[in-house]
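Trainee: Have a look at this one before I ask anything.
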Amino acid sequence: MNDPLTFIIFGATGDLYQNKLSVALWNLFSLGFLSTEFRVVGFARRPMTHGEFQNFTRHTILRKTKNIDQNKLEDFLKCFTYIQGDLENFQSFQNLGRELMEEDARIGFCTNKLFYLAVPPTLYASTFKNIAGAGLTVPCAPSVKSRANAWTRVLVEKPFGKDITEAKRLDKMLGELFEESQIFRIDHYLAKETMQNLLTFRFSNGVFESLWNNKNIEHVRIIFHEKNVPEDTLAKRGALYDGIGALRDVGQNHMLQMLALIAMENPKIMNAENIQDARSKVLEKVSLLNKYSLLRAQYKGYLSEPNIKNDSTTETFFRVILGINNKRWRGVPFEMESGKALNKEEMSIEVFFKKSSLPLMKDSHAEGNQNVLKFIIQPNEGIKFRFWFKRPGFDFTLVPQELSFNYSDILISNNKPEKLHDAYERVLYDCILGDQTLFTNTKEIMAEWKLVTDIIKLWQEIPLIVYKKGSVAEDIK
Ligand code: BG6
């Protein structure tokens, strides 16, 4: 962890850097998780001096963080430099290579290098080619004193491609230019604490695992409801979001990974290879269960948002019902539903157990003795279990009750509430360690894209529904 390290961030003036990466780097630094010899090289098209980039970064961090130790922040910012460049221009990468080499020579060490592609997917291919063309897939030029085990890694954001054909093309190119151990394909949902706990919950609590199959589970519902409206996201990301839409933006990646963690087999050993393999095996068995249940919709007013084409048919909401063709899950519907501009935010997974076939009470509750286990990924992170209870009294009336656990209850230290680490801190930290468990491999990405590409083909045949901003998801039909 203490080896000299250089982060090279492509797209260093963009949304992701401003909202997530700069703050994640700061948090890792202030917690002492970064090497004392660390540097950040920002790379983007906008002309900026090193000082201006440091100011820019200072501003983004102060905007998002309270009670900062100012001296520590200044020490942190001293490690930031900037290079103006164009990702499609090879010369820019030669300049970058020269700067990196000079800096390594100055400190007298070959530093580890981490390239972060915080740029639109349309620029991936040229960036990969130029990194490799400029000789940056190896950590150092021969003139710099080399260090055994020095490494170069590349972090790639989602969406990785736009459909199965493009994903395959990009993956082939990546595979030719880098070793698999150098490639970190990000799905930041995997790095959320609540997602990691899905595995712990399932495989460390035998009582549930024995019920985890089509004999006992009726259906599973995965939701990704966002309240955020264009003012906060689409205005900045409009051009990027339009043409991609909800299914590719969060369905192809975050939601299918939620499904994978709920449905995968026990990896037996908790290491990257086994976990990625178990996730990919279940994803390869997923298909559309009912093509007539497909729904795609767009909120009213989307077309007049900034950067959106005025005849766009991009969906901002979708609902699909999937099935998993294996012994454990055959016949169990997995409903996935996501949308923007809804009435509330919630990302969760609900597991509905089959109703009791021998109800004790004649007049059971309308929801019929159904137990439901709910994993709340965010906000109000927690786990809830619904069970049935006889209301005290001389009659036999059933009422639902809840056993629940909230992360906030255990995140109290010295009487002060603590926060869960942001997923991007974990992404950067694990990449530095070289641990690929919370990143996706080629097989997972291909299985996800195959399914999504099939759905998108069918979509051409169904109408695009319009819904009002602030709608309740269940009302969109
Ligand atoms: C991103 C999507 O991957 O995830 C966004 O592109 C979405 O559209 C976001 O809003 C949600 O992530 P988080 O961590 O804010 O829940």
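The values are calculated or read from the model by the stated rules, or taken from the named source; none is laboratory data. The structure displayed is predicted, hence computed values, not measured ones. Cβ: placed from backbone, ideal geometry, glycine included. Neighbour counts: every protein chain shown. Just so you know, the surface numbers come from the protein's heavy atoms only, side chains and all, with ligands and any DNA or RNA stripped out. Shrake-Rupley method; radii C 1.70, N 1.55, O 1.52, S 1.80 Å.
Trainee: Using the beta-carbon distance between Thr397 and Ser356 and R0 = 22 Å, what value does 1/(1 + (r/R0)^6) give for FRET efficiency, to the nearest 0.05?
Mentor: Using R0 = 22 Å, I get an efficiency of 0.85.
Trainee: Based solely on its DSSP helices, what 222 nm [θ] is calculated for the chain when runs of n ≥ 4 H residues each add -39,500 (n - 2.57) and the sum is averaged over all residues, nearest 500 deg cm²/dmol?
Mentor: Numbers: 14 runs with 151 residues, N = 477.
Value at 222 nm, helices only, nearest 500: -9500 deg cm²/dmol.
Trainee: Compute the angle between helix 272-283 and the longest alpha-carbon principal axis of the chain, please, reported from 0 to 90 degrees and rounded to the nearest 10.
Mentor: 50 degrees
Trainee: Volume per residue, Å³, of the convex hull around the alpha-carbon atoms of the chain?
Mentor: 169 Å³
Trainee: So, with a 1.4 angstrom probe, what is the percent of accessible area on region 190-475 that is carbon and sulfur?
Mentor: About 52 percent, which is the carbon plus sulfur part of the accessible surface.
Trainee: While we're on this one: Compute the Cα gyration tensor for region 245-379, then decide on rounded, prolate or oblate, letting a ≥ b ≥ c be the square roots of its eigenvalues: rounded whenever a/c is under 1.5, prolate when a/b is larger than b/c in the other cases, and oblate in all that remain.
Mentor: On the way: a/c = 2.11, a/b = 1.31, b/c = 1.62.
Taking the square roots of the gyration eigenvalues as a ≥ b ≥ c, region 245-379 is oblate.
Trainee: Over the chain, what relative contact order in percent results from Cα pairs under 8 Å that are six or more residues apart?
Mentor: Relative contact order comes out at 16 percent.
Trainee: Taking Cα atoms, how many degrees apart are the long axis of helix 90-107 and the longest axis of the chain, rounded to 10 and kept between 0 and 90?
Mentor: Approximately 70 degrees, to the nearest 10.
Trainee: Could you sort the peptides 438-444, 394-400, 110-116 by per-residue average Cβ neighbour count (10 Å cutoff), highest mean leading?
Mentor: 110-116, 438-444, 394-400
Trainee: What residue among Leu428, Leu438, Trp449 has its Cα farthest toward the positive end of the dipole of region 383-477, where the charges are +1 on Lys, Arg and -1 on Asp, Glu, each on the Cβ?
Mentor: So the residue we want is Trp449.
Trainee: Taking only protein heavy atoms and a 1.4 Å probe, what accessible area per residue, in Å², does the chain have with all protein chains in place?
Mentor: Values: 22410 Å² over 477 residues.
Using a 1.4 Å probe on heavy atoms only, each residue of the chain averages 47 Å².
Trainee: Moving on to the next point. Using only alpha carbon pairs under 8 Å that are at least six residues apart, calculate the relative contact order of region 5-157 and give it in whole percent.
Mentor: 29 percent
Trainee: At what distance in nm do the modelled label points of Arg45 and Lys477 sit from each other, each positioned 7 Å from its Cα along Cα→Cβ?
Mentor: It works out to 4.7 nm between the two label points.
Trainee: Mean separation of Cα pairs under 8 Å and 6+ residues apart, divided by the residue count of region 190-475: what relative contact order is that in percent?
Mentor: For region 190-475, the relative contact order is 26 percent.
Trainee: Follow-up. Return, in residue-number order, each cysteine of the chain whose C-beta is not under 4.7 Å from any other cysteine's C-beta.
Mentor: Cys79, Cys431
Trainee: Let me check I have the definition right: for region 70-212, take the eigenvalues of the Cα gyration tensor, multiply each by 5, take square roots. What are those semi-axes in whole Å, largest first?
Mentor: Its equivalent ellipsoid spans semi-axes of 34, 22, 16 Å.
Trainee: Let me ask you something else. Can you tell which of Phe76, Thr152, Phe389 lies farthest toward the positive end of the dipole of the chain, using +1 and -1 charges on the Cβ of basic and acidic side chains (Lys, Arg; Asp, Glu)?
Mentor: Farthest towards the positive end: Phe389.
Trainee: Under 5 Å between amide H atoms, partner at least 5 residues away or on a different chain: which partners does Ile8 have, H built in plane at 1.01 Å?
Mentor: Val41, Leu114, Phe115, Tyr116
Trainee: Sticking with this structure for a sec: Report in % the part of the accessible area of region 5-157 that belongs to carbon and sulfur, leaving out ligands and nucleic acids; probe 1.4 Å.
Mentor: Looking at region 5-157 in its full context, I get 50 percent from C and S.
Trainee: Let me ask you something else. Taking the 0 to 90 degree range and rounding to the nearest ten, how far is the long axis of helix 193-204 tilted relative to the main principal axis of the chain, both from C-alpha atoms?
Mentor: The answer is roughly 50 degrees.
Trainee: Would you please give the FRET efficiency between Lys72 and Glu273, computed as 1/(1 + (r/R0)^6) with r the Cβ-Cβ distance and R0 = 41 Å, to the nearest 0.05?
Mentor: So, using R0 = 41 Å, E works out to roughly 0.60.
Trainee: What order, most packed first, do the peptides 118-128, 98-108, 244-254 have when packing is the mean number of other Cβ atoms within 10 Å of each residue? List each step's numbers first, then the result.
Mentor: Numbers: 118-128: 18.7, 98-108: 15.5, 244-254: 23.5.
In decreasing order of mean packing, 118-128, 98-108, 244-254 become 244-254, 118-128, 98-108.
Trainee: Please report the antiparallel percentage of the DSSP beta bridges confined to the chain, to the nearest 5. Intermediate values should be presented prior to the final figure.
Mentor: Values: 44 of 79 bridges.
In the chain, DSSP labels about 55 percent of beta bridges as antiparallel.
Trainee: Could you let me know the centre-to-centre spacing of region 418-446 and region 64-90, using Cα atoms, in angstrom?
Mentor: 22 Å
Trainee: Hey, another quick one. From the phi angles alone, apply the Karplus equation (6.51, -1.76, 1.60; θ = phi - 60°) to region 73-86 and give each ³J(HN,Hα) in whole Hz, x where the residue is Gly or Pro.
Mentor: 4, 5, 4, 4, 5, 4, 7, 9, 10, 9, 10, 7, x, 10
Trainee: So if I place +1 on the C-beta of Lys and Arg and -1 on the C-beta of Asp and Glu, and nothing else carries charge, what would the dipole magnitude of the chain be about its Cα centre? I want it in debye, nearest 20.
Mentor: About 780 debye.
Trainee: Please list, or write none, the lysines whose alpha carbon is within less than 17 Å of the alpha carbon of Lys168, excluding same-chain residues fewer than 8 places away.
Mentor: Lys168 reaches Lys129, Lys158, Lys443, Lys450.
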